[in-house]
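J.: This structure is in C-alpha cells; I'll ask about it shortly.
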Amino acid sequence: MMEHWDSLIILSLFGLLFKICGSMAVPESRPNVLLIMADDLGIGDLGCFGNVTLRTPNIDSLCKEGIKLTQHISAESLCTPSRSAFLTGRYPVRTGMVSRNGIRSHGIINSLGVSGGLPRNETTFAATLKKYGYRTALIGKWHQGLNCKYRNDHCHHPKHYGFDYFYGMPFTLFYSCVPDPSCDTELAIAKKLWLCMELIIIAVLTLTVGKLTHLVSIPWLFIICIILFGFLLAFSWFCSFQNDMYWDCILMRQHEITEQPMKAERASLIMLKEAVSFIERNQDKPFLLFYSLLHVHTPLPTTNEFVGSSKHSFYGDFVEEMDFLVGKILDAIDENGLKNNTIVYFTSDHGGHLEVMRGRLHIGGYNGIYKGGKGMAGWEGGIRVPGIVRWPGILPAGKVIEEPTSLMDIYPTLTALVGATLPQDRVIDGRDLMPLLKGDVQHSEHEFLYHYCGPFLHAVRWHPRNSDAVWKVHYVTPIFQPTGAIGCHDALYGICPCEGENVTHHDPPLLFELSRDPSESKPLSPDNEPSYDTVIKRVKKAVKKHQKTLTPVPEQLTLYNKDHIWLKPCCGVFPFCLCDKETGKFTL
Ligand SMILES: *[C@@H]1O[C@H](CO)[C@@H](O)[C@H](O)[C@H]1NC(C)=O
Ligand SMILES: *[C@@H]1O[C@H](CO)[C@@H](O)[C@H](O)[C@H]1NC(C)=O
C-alpha cells in the first residue's frame, strides 16, 4: 500500500515538474503570433509616430509596451508586391509579383478575374508555422490572386499558402466598393429571375420536343422568340452587373463566398468578430493570426459610430476606427490571458496615398516628414512605414530602434523563432530581427536595401557596417505632375509610373544621407559631400552583385493581369451572382 502511494506521489511530482517546465518553455519558444497590417496607412498618421491631432490610443499603447521601429521599410510602395514580399521574405522581382508593363495599375493584381498570383512554390511564414504545429489564419485582405483556369479552382487561395483559416476579401477595398449596397432588392430579383430562366428553359425544351414529335403545332418563330427573350433577360441582368462592385468586392469564408457584393462598412465588424473568435478557439494551442485590415484604403467605408469622430475628416475618422479595431483585438489577447505569450506586430503595407482626393479634399494619409507616398517607388514616404513589435517580458518596453529594418524580416524572424531553417534553394532577403530587438546586436544586418518600382530598380539604401550613416542613391525618380505637385495627380489612378517618359533617369545619381536629411530635400554632390564618389561607387558594386542573384521567373502581373469574366467568383449560378449569407447583427 505504502509503495503504491510512494509511486503515485513520485509520478504526480514528475507530472507537476513536467507541467511547470512545459509551461515555462512554451512562452519563450512557441509564442502566439499576431500580425496586424494596415492598408495605405501613412507613418505620420499615428500618435506614437508623432501625430498630435489624430487619436490612436490603442496603437500608441502598443508602442509604449513594445519596440518602435522608425526605419521600417516595405519592399514596394504598392499593395500586391509589398504583401508578397512580406509573406515570403523576398523581393517581388524574385517571386515574379511585378509587371514590366509601364501602366502602374498593372503593378498589382487588378481584379479577381486575373489568373496571376503568388506562385505556389513560394513559402510563406504561415506555411512554416503551420508545419511547426501552429494554427494559422488570415482574416482580412489577401490580394495575392484567386483563380488560375476556372471560376472555382481557387489556385491562389490563402489555404495554399499555409493558412488553415481564411475569412475576408480575396481582393482589396477600392473605389467601387461603395456606395454600400443593400442588395436585398437585387437578391430578391435574382432569385425570381433565375426561376424565370428555368421556366423559359423548360418551356423551350418542351415546345421543341413537342414540335419535333408533331404533338404541338406552333411556328418555330415562336420558340425562337422565347429563346431570344431569355437571352435578353440574362443579358440585361448581366449588364447591370458591369460594376466591379459585384465581381470584386466580395467576402469569403474559406472557399465559400459569403457576400457578393459585400457591405463594405459591415465587413470590418465581421472581420473583428472572426479574429476574436479565432483567438478564443485557439487559446490553448500556438496560433498565427494575420489580421490584414481593410483600413485605411479608400473609399473609407466608416461605420456611423466613427463618422465625424476625428479632426481630419473622412480619412481621420477611418484611422480612428482602425485604432478601435486594433484595441479590440488586443483586448481579446488580454482577456484570454495570452498577453505575455503573444508576439504582436503592427505595420502598414506601404505609405499613404497622397493623390487620393474626394472633391477638393485630400483623403489619403500623411507620411510625416518623408517625401512621396504610395506608388512612388524609392521616395521614403512610400516605403517607410510604422513598425511596432510587442512581446512582454522578452522584448524591452518603450524602446526605439532607428536602424533599417524591413517588412521582409518577419518571415525569417518567425522561421528562427520556431526553430525552423530557411529554405536553401532560394534567396531570402529579410533578416532575423530578434537579435536587434533583444539588443544582442546594435547594428542592422541590412547593409543594402533595394527600392524597386515593379521590376525596375529605382533607388538603393546603404547603411555601412561601421557607421551610422544611411545613404540613399536614386537612379530613377517619378516626375510629379502637374508641375509643383507632391505626387502624380495627373497619372492614371494617381499612381506614378515606373518607367517611360514620366520618370527621370539620374546620371549621376541623386544622393541623400537620411540621418542628416530624412526628407530627401537637398541632393548631395561631389562639391558639398567629399564621400559622394566613394558612396556611388560602393553602391554600384553592390547593385551589380545583387543583380547577379536575380533569376528570371514568370512575371505574374504582366501577361496575366487581364480581366477574364470566366475567372470571376460567382455566388449562385453565373451570371446570377448575388448572395448575403451573414445573418448576425454586427455592431461596434
Ligand atoms: C495627422 O494626420 C492627419 C491625417 O493624415 C494629417 O492631416 C495631419 O497633418 C497629421 N498631423 C500631424 C501633426 O502630424
Ligand atoms: C517556382 O517556379 C518557377 C516557374 O517554374 C521558377 O521559375 C521559380 O524559380 C520557382 N521558384 C522557387 C522558389 O522554386
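The values are calculated or read from the model by the stated rules, or taken from the named source; none is laboratory data. Note that the structure is predicted; figures quoted are calculated from it, not measured. A quick note on method: Cβ atoms are made from the backbone with ideal geometry, for glycine too, and the neighbour counts reach across all protein chains shown. With ligands, DNA and RNA removed, areas are computed over all heavy atoms of the protein, side chains included. Shrake-Rupley method; radii C 1.70, N 1.55, O 1.52, S 1.80 Å.
J.: Under 9 Å by Cβ, and 6 or more places apart or on different chains, what pairs join a residue from segment 83-98 that is within 16 Å of Cys498 (Cβ to Cβ) and free of Cβ contacts under 8 Å to residues at least 60 places away in the same chain with one that is within 16 Å of ligand 1 (Cβ to nearest atom) and open to solvent by less than 10 Å² (accessible area, probe 1.4 Å)?
T.: none
J.: Let me ask another. Looking at segment 167-210, which of its residues are β-branched (Val, Ile, Thr) and in contact with a His (Cβ under 8 Å, 6 or more places away or on another chain)?
T.: Correct list: Thr172 only.
J.: Which one of Pro482, Pro478 is open to solvent by less than 20 Å² (accessible area, probe 1.4 Å) and within 23 Å of His353 (Cβ to Cβ)?
T.: That would be Pro478, the only listed residue that is open to solvent by less than 20 Å² (accessible area, probe 1.4 Å) and within 23 Å of His353 (Cβ to Cβ).
J.: Which ones in segment 554-588 are open to solvent by less than 60 Å² (accessible area, probe 1.4 Å) and under 22 Å from the mean Cα position of the chain (by Cα)?
T.: Of everything in segment 554-588, those that are open to solvent by less than 60 Å² (accessible area, probe 1.4 Å) and under 22 Å from the mean Cα position of the chain (by Cα) turn out to be Glu555, Gln556, Leu557, Thr558, Asn561, Leu567, Lys568, Pro569.
J.: Here's something else I'd like to know. Please give the number of the condition His451 fails out of (1) outside any loop (DSSP other than H, G, I, E, B); (2) assigned by TED's automatic domain parsing to the domain that holds Ala126.
T.: (2)
J.: Quick test for you: out of Lys191, Lys149, Lys130, Lys159, pick the one residue that is assigned by TED's automatic domain parsing to the domain that holds Thr302, open to solvent by 20 Å² or more (accessible area, probe 1.4 Å), more than 16 Å from ligand 1 (Cβ to nearest atom) and within 30 Å of Leu233 (Cβ to Cβ).
T.: Exactly one of Lys191, Lys149, Lys130, Lys159 is assigned by TED's automatic domain parsing to the domain that holds Thr302, open to solvent by 20 Å² or more (accessible area, probe 1.4 Å), more than 16 Å from ligand 1 (Cβ to nearest atom) and within 30 Å of Leu233 (Cβ to Cβ), namely Lys149.
J.: Here's a follow-up. Anything in segment 42-67 that is of a type in the set (Lys, Arg) and within 16 Å of ligand 1 (Cβ to nearest atom)? List them, or say none.
T.: Answer for segment 42-67, where residues must be of a type in the set (Lys, Arg) and within 16 Å of ligand 1 (Cβ to nearest atom): just Arg55.
J.: Run Ser77 past the list (1) away from ligand 2 (no atom under 16 Å from the Cβ); (2) within 13 Å of the chain's Cα centre (by Cα); (3) in a helix (DSSP H, G or I) and report the number of the one that doesn't hold.
T.: So Ser77 meets the others, but not (3).
Residues are listed down the side, and each one gets a yes or a no for (1) open to solvent by 10 Å² or more (accessible area, probe 1.4 Å); (2) within 16 Å of ligand 2 (Cβ to nearest atom); (3) in contact with a Pro (Cβ under 9 Å, 6 or more places away or on another chain):
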position: Arg360; (1), (2), (3): yes, no, no
position: Gly365; (1), (2), (3): no, no, no
position: Tyr370; (1), (2), (3): yes, no, yes
position: Asp409; (1), (2), (3): no, no, no
position: Gly439; (1), (2), (3): yes, no, yes
position: Glu445; (1), (2), (3): yes, no, yes
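J.: Sort out which residues of segment 85-102 are in contact with an Asp or Glu (Cβ under 8 Å, 6 or more places away or on another chain) and part of a helix (DSSP H, G or I), and write them in order of number.
T.: Ala85, Phe86, Leu87, Thr88, Pro92, Arg94, Thr95
J.: Keeping to segment 200-235, report how many residues are open to solvent by 100 Å² or more (accessible area, probe 1.4 Å), assigned to a helix (DSSP H, G or I) and farther than 22 Å from Ile189 by Cβ.
T.: So the count comes out to 5.
J.: Taking only segment 44-57 into account, find how many residues are among the β-branched types (Val, Ile, Thr) and either within 16 Å of ligand 2 (Cβ to nearest atom) or open to solvent by less than 10 Å² (accessible area, probe 1.4 Å) (or both).
T.: 1
J.: So which of Phe346, Phe318, Phe290 ends up being under 15 Å from Asp45 (Cα atoms), open to solvent by less than 10 Å² (accessible area, probe 1.4 Å) and outside any helix (DSSP H, G or I)? Break it down stepwise before answering.
T.: Values: Phe318 fails: outside any helix (DSSP H, G or I); Phe290 fails: under 15 Å from Asp45 (Cα atoms).
Testing whether each residue is under 15 Å from Asp45 (Cα atoms), open to solvent by less than 10 Å² (accessible area, probe 1.4 Å) and outside any helix (DSSP H, G or I) leaves just Phe346.
J.: Also: Assess whether Leu492 counts as being within 16 Å of ligand 2 (Cβ to nearest atom) and open to solvent by 50 Å² or more (accessible area, probe 1.4 Å).
T.: No: the conditions fail for Leu492.
J.: Could I ask something else about it? Provide a single number: the residues in segment 535-574 that are aromatic (Phe, Trp, Tyr) and touching a Phe, Trp or Tyr at 6+ places or on another chain (Cβ under 9 Å).
T.: Qualifying residue count, segment 535-574: 2.
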